[in-house]
Amino acid sequence: METLVEGKNLKAYYVLEFWGKKRTIRAVDNVSLKIFSGEIYGIAGESGCGKSTLLKTLLANLEPPLRLFGGELNYWLDSKPVNVVSLKEEERRRLKWRFISYIPQGSMHVLNPVKRIRDTFMEILKSHVRRQKETFLEMAIEHLKALGLPSRVLDMFPHQLSGGMRQRVTIALATLLKPRIILADEPTTALDVVAQRAVIQLIKKIQKELKNTIVLVTHDMGIHAQVTTRMAIMYAGKIVEEGPTLEIFKEPLHPYTRYLIQSLPRVGDKQLREGIPGSPPSLVSPPSGCRFHPRCPHATQRCEEEEPVFLEVNPGHRAACFLLGG
Ligand SMILES: Nc1ncnc2c1ncn2[C@@H]1O[C@H](COP(=O)(O)OP(=O)(O)OP(=O)(O)O)[C@@H](O)[C@H]1O
């Protein structure tokens, strides 16, 4: 499998200063992962575990208060690793939209509320494509059609579109220059079930047709089950399990993953399913050892004192838990 993005021991922290006091939020803490060509890679976990920060880090979007404290981020361009963090701003900007693009939480961040959709499409094309300007509109219409979206949206302002349609237009925008990899942050949150389904179908269609890679962040395990091919489970700034999605649902290895799957509603449920006991820890002073130990029903003293390392139980399926041995 061809690697597209590789993070090695990434440490991305928010550094905040209040009244002369420093607070460091360790949102991504020693995370290593590889994203392969053509897959839909999911990142799951409760709110606040660092999913969005991991996406920002993979995008090399490290603006204060977020800072990279350690690790390496490589994009594989022409099958060679390129250290993105050391690139000049201009070089990084050139990679945006063409090699990697981003669908942030809330489509209004991308669509300018006082501009027609057409103008936002034209801006991207103008800054990245060397072609006759007259062909830009044709390119935009063609792209929307390929994704099954009506070209009349180009004449509209963002507020004239429904939430679901706005999100689909944002996805169309992010895929306009056919990037090799798209990072999507909670693309279905705040949408009703019908709009959610339309967005999921669009993501699947894009992946099938453009054969690109999608990294999908959502706390919704149901969406991971429907869409992703491989996934990572994050807990308190760390990846605690990673593997093929089917296998994770069939045979979850980490107690936290088991909780996430158990709390999913099933057809025929007569009462609410139990949630995960306790609440996520502070990322300013996370628990010692395994960060999940204060909430884990199997925790021992060792879990409190030592941090478990990853153990690969089946090919490509790994988890960090002492229950697995090691
Ligand atoms: N701009 C910021 N400044 C300071 N702290 C931040 C900032 N953004 C996020 N954080 C903190 O970093 C931690 C991880 O947040 P992050 O948004 O990455 O989590 P998440 O899993 O994506 O959650 P959600 O789904 O709620 O966005 C949280 O403690 C959050 O409060």
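No value in this document is a laboratory result; all are computed from the given coordinates. Since the structure is predicted, the reported quantities are computational estimates derived from the model, not experimental observations. For neighbour counting, all protein chains shown are included, and Cβ atoms are generated from backbone atoms with ideal geometry for every residue, glycine included.
Sorting the segments 171-183, 273-285 by their residues' average number of neighbouring beta-carbon atoms within 10 angstrom, most packed first, yields 171-183, 273-285. Here the spin labels are modelled as points 7 Å beyond Cα on the Cα-Cβ line, and at Ala146 and Ser32 they lie 3.7 nm apart. Of the GluC sites (Glu not before Pro) found in region 1-106, those that fall in a DSSP loop while having at most 15 other beta-carbon atoms within 10 Å are Glu2. The calculated FRET efficiency for the pair Ser285 and Glu63, based on their C-beta separation and a Förster distance of 30 Å, comes to about 0.75. Between the beta carbons of Phe18 and His109, assuming R0 = 25 Å, the FRET efficiency works out to 0.45 to the nearest 0.05. The loop-placed trypsin sites (Lys or Arg not before Pro) in region 1-106, going by DSSP, that have at most 10 neighbouring Cβ atoms within 10 Å of their Cβ come out as Lys88.
The distance linking region 143-171 with region 248-276 is 35 Å (Cα centroid to Cα centroid, whole angstrom).
Adding -39500 (n - 2.57) for every DSSP H run of four residues or longer, then dividing by how many residues the chain holds, sets the calculated 222 nm ellipticity at -8500 deg cm²/dmol. Taking every DSSP bridge with both residues inside the chain, close to 65 percent are antiparallel. Annotation for Gln132 and Met1: the two label points, set 7 Å from Cα along the Cα-Cβ direction, are 4.4 nm apart. In terms of distances greater than 32 angstrom between alpha carbons, the cross-link table entries Lys8/Lys250; Lys22/Lys80; Lys88/Lys178; Lys34/Lys88; Lys204/Lys250; Lys96/Lys250 yield Lys22/Lys80; Lys96/Lys250.
Can you give me the relative contact order of the chain as a percent, contacts being Cα pairs under 8 Å and 6 or more apart?
20 percent
Antiparallel beta bridges, as assigned by DSSP with both residues in region 109-248, represent about 55 percent of the total such bridges.
Highest mean packing comes first when the peptides 213-223, 258-268, 117-127 are listed by Cβ atoms within 10 Å, giving 213-223, 117-127, 258-268. Which residues in region 180-218 have a backbone N closer than 20 Å to a point placed 7 Å from the Cα of Val82 along the Cα-to-Cβ line? Inside the label zone: 180-183, 212-215. Residues of region 146-173 falling in the label zone of Val194, defined by backbone nitrogen less than 13 Å from a point 7 Å along Cα to beta-carbon, are 162-165. Across region 21-138, the mean sequence separation of Cα contacts (distance under 8 Å, 6 or more residues apart), normalised by length, yields a relative contact order of 12 percent.
With contacts taken as Cα pairs under 8 Å at a separation of at least 6 residues, region 177-326 carries a relative contact order of 18 percent.
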